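Single-structure report; data block below.
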Amino acid sequence: MRRNILLTLFIAFVFQASAGTITGLVTDNNGKPLPYASISIKGTNRGVTSNSIGKYSINLAPGEYSVVCQYVGYGTIEKKITVASEDQVVNFTLSIQELTLSEVVVKRGEDPAYEIIRQAIKKRSYYNNQVDSFRVNVYIKGLIRSGSIPKRVFGTKVERDDDDGLDSLGKGILFLSESLTEVDYAKPGNIKFRVIASRESGGGYGLSFPFFINFYQNNVSIFDNNLNPRGFISPIADGALNYYKYKYEGSFVEEGVMVNTIRVTPRRLNEPLFAGTIQIAEDDWRIFSLDLFTTNKNQLELLDTLRITQLHSPVQKDIWKTKNQYLSFAFRQFGFQISGGFVNVYSDYNINPEFSKKHFDRTLMRYDTGFNRKDSVFWNKSRPVALETEEKRDFVVKDSLVKLRTDSLRTPGYLDSLRKKQKPVTVKGLLWSGQSHNFYGKKSTLTWSLRQLITQVEYNTVEGVSVNVEQNFHLNKPKSSNSYSLQWNTRYGFSNTHLNSYGEFRISPKKYSYRNRYFQLAGGKRLSQFNHDNPINPITNAFYTLLDRKNYMKLYENWYGSVEYNNRLDNGLQFNINATYENRLPVENSTDFSFNKKGEKPILPNHPYELAAIPFEKHQALVASIALSWQPGQHYIEFPYRKVPIGSKAPTFTVEYSKGIHKLFGSDVDFDKWGFTVNDRMNFKMGGEFQYKIGIGGFLNNKNVQIPDLKHFNGNQTFYNIKYLNSFQLAPYYRYSNDEQFYAFGHVEHHFNGLLTNKIPLFNKLKWNLVGGANTFFVDKQNYYVELFAGLENIFKVFRVDLVTAYQPGLGNQYGVRIGLGGLLGGKMRFTE
């Protein structure tokens, strides 16, 4: 047995040692390199791809082979070679594909391309669903370069690291990674990724998600629709003839298959469409290859241009799959010049894998334990795209810097260098930009940060001018299983001379950070809004008070203590348990200062005038609450030592219950309040995105309900709004607060994302999009509210403007305009919870 093992190892060693390396360059007739050409060994599943300068490399055992070189738009060349133990060079010079026009007959004056596309459309669904399952290995290399980085953007200095690898002008490699991922797929829509190896220049996980860009689907998704929430229409989609013009450019024959080359052109600008060429095989009408691009004139967001090339090949009789794919992009805005690309090489297709019943679980992507510890021998053997000299240098230099930092971590010299490199505490940092400082020790690091004071100077009628100091402390002990943080807030009101200060101390297990698991203790004295959802922020309230004598923010002080526990389970269930004790103190206006002296309009009292019939006096409140939130179908990315939740497509269900505990610790409150909500966002792609949040609730017991414990519907009496799915745009702040047994509410809005407006001049160029919806709640026949709104969003990618009409008992019809955040960037900045 032992001799057999040694013999096997010896044979393997001899085989590897005698293998020959074939290298070469792929160029056109003018000597120009052809990037990402396909080089394959005929009759096998072996193959590689040339890099961005046309070079390739492949190891072969001694023997005779037929090497096939393919490139989209060029004629295929096949060369027979004999491999010995010596290395050899095999170059390929490809000519532009010679096309003939005599194979297709023009009918009824129509370009023959249209009939070919009709046939391809008929077979689209068949090829999209041809296989029930498959397994494939995908090599991914990502490279992003910088051509220029400005010194300042909108007057703000662009900060750069000393070792970012770029020159003084900002030129160089920003990002470089390569990975090898095994992909499993089974109907209906089950997918699982296993990352075998991955590395990123300078350390990190790299990019291991293959971009499966499927042109057999009606709607083509790129980067999970982040470049256009509507997706892009495939040139062979069911309705593609309404969107594209086609021109037949000719055909050629390869391996006995006649291939038609068709020029694709959008019928209109400002539609999510492609341009370029697509090659369709005659008779079976499948995609042979494609070279398509789109631009910011076709609803491409953020980027200027995006180009996709694909080459398809047979993996089994009558079954073709993508062989290689290259996605490139360019961006030039605000002085930044960024370009890059991602090459995917697909190999070792298995069309009939046998997956177990439990194979597709909640883990969408799993990283092997040693995924980031592969050596150069592994990569040289596994990499199908040769690295360029600059790429090799980038890996070596940046990885060396990371190793140097790691090796010297916690040494006295390294800690001294970190202390010296820290930016000093400055007046500008304290007042304008914020300040931070690290205190390095041999076994731990304490990080202190201070929020900029200029934004923490506030004004309200209770405190007058107030100064707030928000500090954060974070203790990192590498050998500890927990992380520790303290948030300490202190504020002083110059008019009422009140000092409030409180802290929140949190312990979070590092192992379960993906669960948002923590235990928190908090306490001190604070100033709170009666509505704990904080429907108006202090800066907006100061603006309205100083300019229009309207003090919308209603406040009370409280000495408090609280204990809280939060956790999220692997099945998507998240729960939060909280108990808070408050000694609540009423406060009154201490100033009526305003720049607006016209008419001396009186400042309203601090007590909500809509709740004048409900007194608010000093009292104690002990409130315990629990909230359960569940999103079915939760999925995870599983790293060797942690998990990261990535959500699911299912709605989120939330149940909340609060108990006002009477008499315990002198508590005066006595109530039981419950609520149930469902929220979701549904992307209909070309049809836009629909978002909603609906709920019901009420009081099971309302024996003693104080103003902070009422059910408050978040109103809005200012000119702007950012809580679209959690507020009513024209409603007063406290008019509808209640302790009734039942209430119901609903928020719905539809983001058209270019639908309709892409056909309106000017709007389509500006990429301003329609949005519309409704907000409503119902308590009883005398207490309800309905509002409808329509507006434009994606204004400068950030802003949104709504026209709103509302009806409410006692006030009748109202109309208003609201400005907020919405669109590609603004939609990610706003608060919807």
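The values are calculated or read from the model by the stated rules, or taken from the named source; none is laboratory data. All values derive from a computational prediction rather than experimental measurement. Neighbour counts are summed over all protein chains in view; Cβ atoms, including those assigned to glycine, are modelled from backbone coordinates with ideal geometry. These accessible areas exclude ligands, DNA and RNA; they are computed on the full protein's heavy atoms, side chains included. Shrake-Rupley method; radii C 1.70, N 1.55, O 1.52, S 1.80 Å.
Is it the case that some residue within the stretch 380-392 is assigned to a helix (DSSP H, G or I), at pLDDT 90 or above, open to solvent by less than 40 Å² (accessible area, probe 1.4 Å) and acidic (D, E)?
Within the stretch 380-392, one or more residues are assigned to a helix (DSSP H, G or I), at pLDDT 90 or above, open to solvent by less than 40 Å² (accessible area, probe 1.4 Å) and acidic (D, E).
So, in the stretch 593-625, how many residues would count as being among the charged types (D, E, K, R) and surrounded by 15 or more Cβ atoms within 10 Å (Cβ to Cβ)?
Within the stretch 593-625, residues that are among the charged types (D, E, K, R) and surrounded by 15 or more Cβ atoms within 10 Å (Cβ to Cβ) number 1.
In the stretch 486-494, is there at least one residue being at negative phi, aliphatic (A, V, I, L, M) and at pLDDT below 90?
no
May I ask you to list the residues in the stretch 306-361 that are hydrophobic (A, V, I, L, M, F, W, C) and either under 24 Å from E282 (Cβ atoms) or not in a strand (DSSP E or B) (or both)?
Selection gives I308, L311, V315, I319, W320, F334, I351, F355, F360.
Which one of these does K649 not meet: (1) charged (D, E, K, R); (2) out of contact with any strand residue (DSSP E or B) (no Cβ under 7 Å at 6 or more places or on another chain); (3) in a strand (DSSP E or B)?
Checking K649 against (1) charged (D, E, K, R); (2) out of contact with any strand residue (DSSP E or B) (no Cβ under 7 Å at 6 or more places or on another chain); (3) in a strand (DSSP E or B), the one that fails is (3).
Based on what the data block shows, is F799 farther than 30 Å from K711 by Cβ and surrounded by fewer than 19 Cβ atoms within 10 Å (Cβ to Cβ)?
Judged against the criteria, F799 is a match.
At pLDDT below 95 and among the hydroxyl-bearing types (S, T, Y) - does that describe any residue in the stretch 223-245?
no
Would you be able to tell me the number of residues in the stretch 731-757 that are open to solvent by 20 Å² or more (accessible area, probe 1.4 Å) and either of a type in the set (A, V, I, L, M) or touching a strand residue (DSSP E or B) at 6+ places or on another chain (Cβ under 6 Å) (or both)?
Qualifying residue count for the region: 12.
From the residues in the stretch 683-729 that are aliphatic (A, V, I, L, M) and under 24 Å from I819 (Cα atoms), which one is surrounded by the fewest Cβ atoms within 10 Å (Cβ to Cβ)?
The qualifying residue surrounded by the fewest Cβ atoms within 10 Å (Cβ to Cβ) is I694.
Kindly list the number of the only condition in (1) over 30 Å from Y205 (Cα atoms); (2) hydroxyl-bearing (S, T, Y); (3) surrounded by 16 or more Cβ atoms within 10 Å (Cβ to Cβ) that fails for Y636.
(1)
Every residue in the stretch 261-314 that is open to solvent by 50 Å² or more (accessible area, probe 1.4 Å) and in contact (Cβ under 8 Å) with a residue 12 or more places away in the chain, please. Explain how you work it out, then say what you get.
Step one: of the stretch 261-314, the residues open to solvent by 50 Å² or more (accessible area, probe 1.4 Å) are 263, 265, 267-269, 283, 293, 296-297, 302, 305, 307, 314.
Result: R263, T265, R267, R268, L269, D283, F293, K297, L302, T305, R307.
Examine the stretch 160-177 for a residue that is open to solvent by less than 50 Å² (accessible area, probe 1.4 Å), outside any loop (DSSP other than H, G, I, E, B) and of a type in the set (D, E, K, R), and state whether such a residue exists.
No, that holds for no residue.
Only one of (1) on the phi > 0 side of the Ramachandran plot; (2) at pLDDT 85 or above fails for G142. Which number is that?
Exception for G142: condition (1).
I need the full set of residues from the stretch 263-286 which are within 35 Å of the chain's Cα centre (by Cα), in a strand (DSSP E or B) and of a type in the set (A, V, I, L, M), in order please. Let's see the steps before the verdict.
Looking only at the stretch 263-286, we keep the residues that are within 35 Å of the chain's Cα centre (by Cα), and these are 263-280, 286.
Applying the additional criterion that residues be in a strand (DSSP E or B) yields 263-266, 275-280.
Hits for the stretch 263-286 are V264, A275, I278, I280.
Answer yes or no as to whether N242 is over 23 Å from L101 (Cα atoms) and touching a residue at least 24 places away in the same chain (Cβ under 8 Å).
In short, yes.
I want to confirm something. Restricting to the stretch 116-151 and keeping residues that are under 25 Å from the mean Cα position of the chain (by Cα) and charged (D, E, K, R), which single residue is farthest from L327 (Cα to Cα)?
Applying the filter and picking the extreme gives R145.
For the stretch 62-99: of the residues being in contact (Cβ under 8 Å) with a residue 24 or more places away in the chain, open to solvent by 30 Å² or more (accessible area, probe 1.4 Å) and in a strand (DSSP E or B), which is farthest from T261 (Cα to Cα)?
Ranking the candidates gives Q88 first.
Does Y544 qualify as being under 23 Å from E656 (Cα atoms) and buried (at least 18 other Cβ atoms within 10 Å of the Cβ)? First the steps, then the outcome.
Working: under 23 Å from E656 (Cα atoms): no; buried (at least 18 other Cβ atoms within 10 Å of the Cβ): yes.
When the stated conditions are applied, Y544 does not pass them.
Among the residues of the stretch 813-833 satisfying the criterion of being open to solvent by 60 Å² or more (accessible area, probe 1.4 Å) and in a loop (DSSP other than H, G, I, E, B), which is nearest to K765 (Cα to Cα)?
L825
State yes or no: is L431 out of contact with any Asp or Glu (no Cβ under 6 Å at 6 or more places or on another chain), surrounded by 15 or more Cβ atoms within 10 Å (Cβ to Cβ), farther than 19 Å from G206 by Cβ and at pLDDT below 85? Steps first, please.
Working: out of contact with any Asp or Glu (no Cβ under 6 Å at 6 or more places or on another chain): yes; surrounded by 15 or more Cβ atoms within 10 Å (Cβ to Cβ): yes; farther than 19 Å from G206 by Cβ: yes; at pLDDT below 85: no.
No, not satisfied.
Condition first: open to solvent by less than 10 Å² (accessible area, probe 1.4 Å) and small (G, A, S). Can you find one or more residues in the stretch 335-342 that meet it?
To start, the set of residues in the stretch 335-342 that are open to solvent by less than 10 Å² (accessible area, probe 1.4 Å) comprises 341.
From what's left, small (G, A, S): 341.
Among the residues of the stretch 335-342, at least one is open to solvent by less than 10 Å² (accessible area, probe 1.4 Å) and small (G, A, S), which makes the answer yes.
Given the residues I191, I196, I149, I173, which is the only one that is among the β-branched types (V, I, T) and touching a helix residue (DSSP H, G or I) at 6+ places or on another chain (Cβ under 7 Å)?
Being among the β-branched types (V, I, T) and touching a helix residue (DSSP H, G or I) at 6+ places or on another chain (Cβ under 7 Å) holds for just one of I191, I196, I149, I173, which is I173.
Could you list, in sequence order, all residues of the stretch 362-379 that are assigned to a helix (DSSP H, G or I) and open to solvent by less than 30 Å² (accessible area, probe 1.4 Å)?
Answer for the stretch 362-379, where residues must be assigned to a helix (DSSP H, G or I) and open to solvent by less than 30 Å² (accessible area, probe 1.4 Å): just W379.
Which ones in the stretch 768-783 are open to solvent by less than 60 Å² (accessible area, probe 1.4 Å) and either under 18 Å from F745 (Cα atoms) or not polar (S, T, N, Q) (or both)?
The answer is W768, L770, V771, G772, G773, A774, N775, T776, F777, V779, D780, N783.
Looking at (1) closer than 30 Å to M365 by Cα; (2) buried (at least 16 other Cβ atoms within 10 Å of the Cβ); (3) in contact with a Leu (Cβ under 6 Å, 6 or more places away or on another chain), which one does G572 not meet, given that it meets all the others?
(3)
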